[in-house]
Amino acid sequence: MAEEAARLLVRFGRRYAAAVRLATLVPICAIALFRGPAEDMTATVYVVGAAAVWTCGYAWWLRVGQGSSPVVLDVAVMLGLFASVFWTGAVEDRNTGWLRLLVTFACVTCQWHTAPLVGGAAALAAGGGAVGLLVAAGAPDVDAALVTGTAWAPAAAVLSRAAWMLVRRAADRADRMAAEAARLRGESLVAAGVRAEERELANSLHDTAATTLLMVGIGQVRTGADWLAPQARRDLDRLRTGDERAPRHADLVDLLRADLDATHLTVEFEAPERLRLPFDVARAVADAAGEALTNVRRHAGTTRATVRLRGDARTLRLDVIDRGKGFSPERVPATRRGIRESVHGRMSRIGATATIIAAEGEGTVVRLEWRAADE
């Protein structure tokens with residue numbers, strides 16, 4: 001998904017800001033209570049309670065809310081809490097450290113979930129306002145370090161924003177890389193689909209018209225043979241079906257019977273009455289078996305074969321057996337695509353296997369095996 005990393009980073013920034021505000025709340029409140037003098041403890045407790053309630057509420061909004069409007073209210077609350085230095089004696093008691101920490105963490109965490117302009121304005125308003133309140137309360141006369149320490153809050157916010165921008169830049173780069181990877185993956189899938197379609201078209205041509213023309217051309221079939229014209233029509237019909245939308249399921253037995261008529265062999269066919277399978281599986285098995293029978297007619301030196309089908313909708317085995325002259329599979333040239341593509345290739349593309357059991361003078365068995373994938 002486009003900009004997924006950036007979106008997740010924004011969500012993380014809000015959640016992390018809430019976590020930091022809550023995690024620092026307990027030690028900050030403890031500092032306020034332990035350092036506060038007894039005579040001002042009641043007022044300090046009220047201020048600490050207000051700070052705890054607001055921080056918890058603001059953290060809840062960071063996790064479930066949206067937008068930046070409550071940031072303005074957060075700045076106002078921080079300054080209101082800081083104004084307690086006028087009635088809690090925090091300046092005289094030098095107990096302003098916890099207030100400085102509240103403001104500093106508010107300025108720093110604000111940079112993780114706001115736009116740069118909003119975060120910068122909030123940090124300047126909170127930090128600058130706190131400095132102004134300390135000056136008005138007479139902090140420079142008591143200890144100038146109280147003012148100097150508070151003035152570091154906007155600087156800490158700047159560093160926080162810089163670090164966050166580096167992280168955001170990395171997220172943007174990750175999004176661009178993910179988008180490019182998705183584009184390349186899509187192009188690869190399209191190219192693979194085109195190659196698969198071209199390969200299947202080449203296989204169909206090889207198994208139909210090309211084989212028929214070759215047998216006529218080398219004299220294996222007489223040009224006046226009675227079955228030649230019907231065979232040519234079947235070849236053309238088969239090539240045209242590639243443009244049609246395939247059904248979801250097909251009966252493998254029906255497909256095999258239809259192909260047996262075109263083999264011009266005497267075939268002993270043993271199979272269940274019906275075997276309904278996903279169409280791509282049934283078509284691949286039937287086509288691979290058809291190519292095996294074509295090879296029997298062209299190369300085996302026999303006109304008889306046996307097709308034996310066993311199995312169900314989850315697993316099957318189909319054997320194409322002939323008692324012809326056989327051959328040595330390892331001596332078949334790599335350029336011959338009949339066994340390589342029309343048999344092995346088709347079966348591998350549906351997650352099935354094809355095994356050739358053959359020897360010269362001992363006939364051939366082509367075994368096709370398929371098992372449904374576990375869901």
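Filtering Asp261, Asp280 for residues that are within 28 Å of Val332 (Cβ to Cβ), surrounded by fewer than 18 Cβ atoms within 10 Å (Cβ to Cβ) and free of Cβ contacts under 8 Å to residues at least 12 places away in the same chain leaves a single hit, Asp261. For the stretch 1-30, the set of residues classified as in contact (Cβ under 8 Å) with a residue 12 or more places away in the chain and among the basic types (Lys, Arg) consists of Arg14, Arg15, Arg21, listed by residue number. What's the number of the condition Val366 fails, among (1) part of a strand (DSSP E or B); (2) out of contact with any Leu (no Cβ under 8 Å at 6 or more places or on another chain); (3) open to solvent by 20 Å² or more (accessible area, probe 1.4 Å)? In the conditions (1) part of a strand (DSSP E or B); (2) out of contact with any Leu (no Cβ under 8 Å at 6 or more places or on another chain); (3) open to solvent by 20 Å² or more (accessible area, probe 1.4 Å), Val366 misses (3) alone. Residues in the stretch 31-54 include at least one that is in contact (Cβ under 8 Å) with a residue 60 or more places away in the chain and open to solvent by less than 60 Å² (accessible area, probe 1.4 Å).
For the stretch 146-161, the condition of being polar (S, T, N, Q), on the phi < 0 side of the Ramachandran plot, open to solvent by 40 Å² or more (accessible area, probe 1.4 Å) and out of contact with any Lys or Arg (no Cβ under 7 Å at 6 or more places or on another chain) holds for at least one residue. Taken over the stretch 76-121, residues that are within 13 Å of Arg161 (Cα to Cα), in a loop (DSSP other than H, G, I, E, B) and open to solvent by less than 30 Å² (accessible area, probe 1.4 Å) amount to 3. In the stretch 47-93, the qualifying residues are those that are of a type in the set (Phe, Trp, Tyr) and within 23 Å of Val135 (Cα to Cα), and the one that is modelled with the highest pLDDT is Phe82.
The values are calculated or read from the model by the stated rules, or taken from the named source; none is laboratory data. The model shown is predicted, which means the values in this text are computed figures rather than measured ones. Methodologically, a virtual Cβ is constructed for each residue, glycine included, from the backbone with ideal geometry; neighbour enumeration extends over all protein chains shown. For accessibility, only protein heavy atoms count, side chains too; no ligands or nucleic acids. Shrake-Rupley method; radii C 1.70, N 1.55, O 1.52, S 1.80 Å.
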